[in-house]
């Protein structure tokens, strides 16, 4: 993790830590799944209450904050890793496997607005 809150750790895209934890909802069941910890063009880290199914696919919905506005993003994701922290929190690494063009654009806009991905478009 760098001083700016960006984590690379061998990832293809820089990640943006989320200043305000963003609730993530399962788009199929409408149930809350967890809170975002960081987001990139390629995936996200989420804190969940209970473990997800390893390698499973989920359809998620979240609203990324931009000032007073919220950018809705829906994405198909795959669970790529899970880790229980010493405090009991469960962190899940998710890879985006499907983003409609409009959702990809909103995610990119949010990353650019946050200063993480200024060079990519």
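Here, each number is a calculation from the coordinates, and none is a lab measurement. Quick caveat, the model's predicted, so the values are computed rather than measured.
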Percent of Cα-Cα pairs per 5 Å bin, from 0 to the last occupied bin, for segment 16-112, please list those.
3, 14, 27, 28, 18, 8, 3, 0
Pull out the extension gain between residue 80 and residue 68, defined as 0.36 nm times the separation in residues minus the alpha carbon to alpha carbon distance; nm, one decimal.
1.1 nm
